[in-house]
Amino acid sequence: MAQRETWATRTGFILAAVGSAVGLGNIWRFPFLVGQEGGAAFLVVYLLFVALIGFPAMLVEFVVGRRTNRNPVGALKELGGGVWQYLGWVFAATGFIILSYYSVVGGWVLRYVLIGLQGGYVGDIEGAGGQFVEAASGLDAVLGHAIFMAAVIAIVGFGIRRGIEFAVQVMVPAIILIAFGLAVYAFTLPGASEAYAFYLSPDVGEILANWTDILPAAAGQAFFTLSLGMGAMITYASYIGDDRNLAEDGLIIVGLDTLIAFTAGLIVFPIFFTGGVDPANTIGAGAIFISLAAALGDLSFGWLIGTVFFGTIAIAALSSAISLLEVVVSYLIDERGMERFTATAIVGTIIFVVGIPTALDLVFIDLYDLFANNILLVFGGLMVSIFVGWVISNVALDEIGRGVRNLGSWGDVWIWLVRIPVIVILFVTIYLGVFEYYEFLTGDFADWLGQNL
Ligand code: TRP
């Protein structure tokens, strides 16, 4: 059997994981959640969850991947056998669904780069809303989806070193540099101080009053933004060749991801406040597109800022999408003996087809996103945490200690964070997620079916 691939360098692995983590979740989803959930109050809870839930859960996935050097299905079969191997299937299915609409949103982003180049952002909310509806569904959206998916297939098809590692070495530094540059620009806007007040002064009363909304939203976001819950980090860690400090790598990855999300807020909110857009109204999938276009249309050089900003989002989305595809591809290579390029092309094409409905009607984005995000991801994260925290904790403790000079009692701190807080919070989140999905299915979605069938 051919030798399995590995990352060429430690930096290569870290950049790939940062590339996976930093994506639409940071720049598209995070600001609209902050806007919708009350600004700084949400930010505080989110930061807390990233540290207490996200970081330990990332180490859970790293341990499973590096221990086995296999794809998620194979890894869980090797470590757990029995029913645990089916968890790998849940992961693959989740990745499939997420990528199918993630790519459609990636296509919208490409479209907004083009609109910027043509100087076409419409400067008022209503007009910008119409512009979004036109760009988001229909043949153009399918085309954008196809172009985005083709880029994902090309990178993953070239493999770990020549494809993914090579691509992220260019993309990730570019994302970081441009994001900082845009934040400095946003600082000079007249709406900046009002924006910082909204974004950075938490109101404890607000957290207490709205905790049933804020908690699950913050937990779900912490998971999504760190690419947890579907084996992406298991897969990337399975290509680590030697033993090095996983906790240290994880800290860098979580730190950079959080920094970029935070920076996205520093960019977006000053633009909103300067353009007279209320962040509390930026709800739903179209939020960032509509609000940004409306605000940018009013700024001098708004087209240029928008082109650069949406261009950065496109790169970030691409470096995340490749990790979603790699989960399924690694399974086909490891377990089915398929050749990489064939596996990539076949799976990529099927995912493209599955995503087409979401490019034709916005209601399907919610149908896919709520299910995959609020239910499947959280379920996957919950199960793998139970598995590592309670079933194979001795193996996990041994693995987390490899490459670490002096672990002390940190291993126990980690395993107990996984055993109780991570599991409890994920359980509550999934409970609330199922209710929300039921409401959606019997509400908005039923209405849509009633009107269209
Ligand atoms: N983390 C990415 C983002 O913030 C999305 C993503 C990539 C992802 N791979 C994932 C989410 C795996 C969950 C699981 O946009």
task = Using only the Cα atoms of the stretch 295-392, build the gyration tensor, take square roots of its eigenvalues as a ≥ b ≥ c, and label the shape rounded, prolate or oblate: rounded if a/c is under 1.5, else prolate if a/b is larger than b/c, else oblate.
result = prolate
request  = Tell me what the chain gives for mean residue ellipticity at 222 nm when only DSSP H runs of n ≥ 4 count, each as -39,500 (n - 2.57), the sum divided by the residue total, rounded to 500 deg cm²/dmol.
outcome  = -23500 deg cm²/dmol
query = Can you give me the relative contact order of the chain as a percent, contacts being Cα pairs under 8 Å and 6 or more apart?
reply = 34 percent
task = For the stretch 10-452, build the charge dipole from Cβ charges (+1 Lys, Arg; -1 Asp, Glu) around the Cα centre, then report which of Pro202, Val156, Ile271 sits farthest towards its positive end.
result = Val156
ask   = Between Ile147 and Val170, what length comes free when the chain is fully extended (0.36 nm per residue of separation minus the Cα-Cα distance, one decimal in nm)?
value = 6.3 nm
ask   = Counting other Cβ atoms within 10 Å, which chymotrypsin sites (Phe, Trp or Tyr not before Pro) in the stretch 295-365 have at most 12 and lie in a DSSP loop?
value = Phe301
inquiry  = Accessible area per residue for the stretch 211-333 in Å², computed with a 1.4 Å probe and the full protein assembly in place, what is it?
reply    = 25 Å²
task = Take the solvent-accessible surface of the protein heavy atoms, probe 1.4 Å, and return the percent of it on the chain that carbon and sulfur atoms account for.
result = 66 percent
inquiry  = Sort Arg405, Arg67 by heavy-atom solvent-accessible area, probe 1.4 angstrom, most to least.
reply    = Arg405, Arg67
query = Rounded to the nearest 20 Debye, what is the dipole magnitude of the chain about its Cα centre when Lys and Arg each give +1 and Asp and Glu each give -1 at the C-beta?
reply = 1460 debye
key: Between 0 and 90°, nearest 10: helix 55-68 axis offset from the chain longest Cα axis   = 40 degrees
key: the stretch 207-294: C-alpha gyration tensor shape, a/c 1.5 cut-off, then a/b vs b/c   = prolate
request  = Starting from the residue with the highest accessible area, list Leu441, Leu48, Leu246 in decreasing order, probe 1.4 Å.
outcome  = Leu48, Leu441, Leu246
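The values are calculated or read from the model by the stated rules, or taken from the named source; none is laboratory data. This one's a predicted model, so the numbers in the text were calculated from it and none came from an experiment. Backbone-built Cβ (ideal geometry, glycine too); neighbour counts: all protein chains shown. What goes into the accessible areas is simple: the full protein's heavy atoms, side chains included, and nothing from ligands, DNA or RNA. Shrake-Rupley method; radii C 1.70, N 1.55, O 1.52, S 1.80 Å.
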